[in-house]
Structure formats: C-alpha cells, structure tokens
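The structure under discussion is supplied below as structure tokens; questions concerning it will follow.
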Amino acid sequence: QKEVEQDPGPLSVPEGAIVSLNCTYSNSAFQYFMWYRQYSRKGPELLMYTYSSGNKEDGRFTAQVDKSSKYISLFIRDSQPSDSATYLCAMLEGAQKLVFGQGTRLTINP
Amino acid sequence: GAVVSQHPSWVICKSGTSVKIECRSLDFQATTMFWYRQFPKQSLMLMATSNEGSKATYEQGVEKDKFLINHASLTLSTLTVTSAHPEDSSFYICSAAPGGVDNEQFFGPGTRLTVL
C-alpha cells in the first residue's frame with residue numbers, strides 16, 4: 001500500500017464548476033499537508049499548505065484536512081481553463097521529506 | 001523571487017554514458033537541495049537530500065554510486081547519472097529550500113532524460 005493515495009484521473013469539468021480533489025494517507029506521523037500544481041513539463045508550485053484538521057481558504061481554493069480519517073481535499077471554486085494542470089497532494093514526513101501522491105490531471109473545458 | 005533553474009531541460013544520451021544535471025537557486029541561498037524522479041503518470045519520488053558541503057543522504061533503493069550528487073555551493077547542486085541505462089529515463093526534478101521556519105521547497109522546472 002502506498003503511503004499516499006491519489007486518484008490519477010483524468011478529471012474533466014466545465015468552466016465554472018466546483019472541483020474536488022482528494023488524497024488519503026496511511027502514515028499518522030504526517031503533520032503538514034500540501035497541495036501543489038504542476039503544469040506540463042514544469043516543476044510543481046505550492047498552492048496551499050495546512051497543518052491542523054479543518055479548512056483553509058485562499059481565494060478560489062479551499063484545503064481541507066481530516067486527520068481522524070486520514071483524508072485531505074482541495075476544492076476549486078469557479079474553475080477556470082487556466083486551472084488545467086496536474087494537482088499533487090504532498091505530506092511532510094519529518095522535517096524535510098515530502099511524500100507525494102500520484103497527482104490528478106485536471107482539465108477545465110471552456 | 002525563489003526561482004530555481006535546471007539545466008539542461010532535456011537530454012538524450014546513449015546507454016552507458018554519464019549525464020550531469022545542474023540545479024541552481026537563482027535568487028536565494030539554499031541550505032538544502034533535493035532531487036526527485038518522476039516516471040510517467042507516477043508521483044515524484046525523493047531520491048536524495050543534500051546539504052551544502054556535506055554528503056547527500058539517499059533514500060532507500062537509490063544507488064548512491066549511480067546517482068552522484070554534489071552540492072558544492074549554497075546555490076548549486078548537480079546530479080550525475082553514471083552509466084545510464086534506458087530504465088533511468090525519467091523526469092528529474094530538483095528543489096531547493098532556503099531554510100527557516102516554513103522550510104518551503106521551491107522546485108525547478110525539471111530535466112527530461114532519455115537514454116537510448
């Protein structure tokens with residue numbers, strides 16, 4: 001079993017839709033939870049990070065963490081074609097090591 | 001700010017040759033640099049962590065004699081794939097961390113290696 005599981009998709013939705021991306025994890029030691037966005041042939045860029053269970057909002061993006069269920073989510077409201085990318089969840093193991101999910105390829109159709 | 005570059009962006013080599021990939025932090029000093037490998041439709045897998053002036057720490061299953069890492073300065077780390085084989089073909093991505101409370105990693109654009 002992988003430490004971090006993420007549905008690879010692909011996921012295709014119309015512009016303006018609400019997108020829900022999810023990851024589950026098995027390691028209770030993970031404390032920090034991140035979402036990265038990766039465009040084709042580019043490195044990942046950090047979108048959001050959270051520490052505690054609950055919700056964190058940043059513009060159209062909301063990150064949600066449920067530590068009791070070992071489940072994290074990223075919601076994108078009013079999705080735009082420019083949001084089309086691969087979204088990776090990642091978790092911090094110890095002080096530095098990032099453990100990534102497989103990534104979900106998202107396409108927003110105009 | 002916080003820009004990380006990689007060179008080359010794309011390289012093709014013959015089996016048995018060695019390839020060097022450079023990772024530079026352009027506008028900050030990186031206490032720590034990381035090397036990841038990403039196979040198609042798979043997640044980024046950490047290969048090794050390096051601190052300037054120290055030997056790299058390799059993840060389990062990564063051959064340190066095959067993947068040589070040199071972190072010669074606070075702005076430059078290199079990964080050399082020695083005696084490359086087709087199974088080494090992958091997308092290699094570095095990241096750099098300036099240190100501090102957040103310890104955020106900033107990722108380079110990646111290097112696509114194809115071994116014939």
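The values are calculated or read from the model by the stated rules, or taken from the named source; none is laboratory data. These figures come from a predicted structure and were not determined experimentally. Please note: Cβ atoms are built from the backbone with ideal geometry, for glycine as well, and neighbour counts cover all protein chains shown. With ligands, DNA and RNA removed, areas are computed over all heavy atoms of the protein, side chains included. Shrake-Rupley method; radii C 1.70, N 1.55, O 1.52, S 1.80 Å.
Looking only at strands (runs of 3 or more DSSP E) that fall completely inside segment B:38-116, which ones have 3 or more residues that are polar (S, T, N, Q)?
B:44-51, B:76-81
Would you point out the residue of segment A:71-110, among those that are farther than 20 Å from B:Q42 by Cβ and within 8 Å of chain B (Cβ to nearest Cβ), that is surrounded by the most Cβ atoms within 10 Å (Cβ to Cβ)?
Only one residue fits best here, namely A:Q96.
For segment A:60-69, state whether one or more residues are of a type in the set (S, T, Y), in contact (Cβ under 8 Å) with a residue 12 or more places away in the chain, surrounded by 16 or more Cβ atoms within 10 Å (Cβ to Cβ) and closer than 29 Å to B:W35 by Cβ.
No, segment A:60-69 has no match at all.
Still on this structure, I have one more. For segment A:33-51, which positions are aromatic (F, W, Y) and farther than 15 Å from A:L106 by Cβ? Please lay out each step first, then the result.
Step one: list which residues in segment A:33-51 are aromatic (F, W, Y), which gives A:33, A:35-36, A:39, A:49, A:51.
Within segment A:33-51, A:F33, A:Y49, A:Y51 meet the criteria.
On the given criteria, is A:D7 at pLDDT 95 or above and of a type in the set (D, E)? Before the answer, list the steps.
Working: at pLDDT 95 or above: no; of a type in the set (D, E): yes.
It is false that A:D7 is at pLDDT 95 or above and of a type in the set (D, E).
Only one residue in B:L79, B:L68 is hydrophobic (A, V, I, L, M, F, W, C), open to solvent by 70 Å² or more (accessible area, probe 1.4 Å) and more than 13 Å from every other protein chain (Cβ to nearest Cβ), so which one is that? Steps first, please.
Details: B:L79 fails: open to solvent by 70 Å² or more (accessible area, probe 1.4 Å).
That would be B:L68, the only listed residue that is hydrophobic (A, V, I, L, M, F, W, C), open to solvent by 70 Å² or more (accessible area, probe 1.4 Å) and more than 13 Å from every other protein chain (Cβ to nearest Cβ).
Right, here's the next one. If you take the residues of segment A:4-19 that are surrounded by 13 or more Cβ atoms within 10 Å (Cβ to Cβ) and within 13 Å of A:G103 (Cα to Cα), which of them is farthest from the other protein chains (Cβ to nearest Cβ)?
A:L11
Right, next: Of all residues in segment B:1-35, which are within 16 Å of B:S90 (Cα to Cα) and either free of Cβ contacts under 8 Å to residues at least 40 places away in the same chain or in contact with a helix residue (DSSP H, G or I) (Cβ under 8 Å, 6 or more places away or on another chain) (or both)?
Correct list: B:S15 only.
As an exercise: evaluate A:S52 against (1) within 29 Å of B:R24 (Cα to Cα); (2) free of Cβ contacts under 8 Å to residues at least 24 places away in the same chain; (3) not basic (K, R) and give the number of the one condition it does not meet.
Single failed check for A:S52: (1).
Taking segment A:20-32 on its own, how many of its residues are within 12 Å of the chain's Cα centre (by Cα) and within 12 Å of chain B (Cβ to nearest Cβ)?
1
Aromatic (F, W, Y) and loosely packed, with under 15 Cβ neighbours inside 10 Å: does that describe B:W35? Don't jump to the end; show me each part of the working.
Details: aromatic (F, W, Y): yes; loosely packed, with under 15 Cβ neighbours inside 10 Å: no.
Taking the combined requirement at face value, the residue does not satisfy it.
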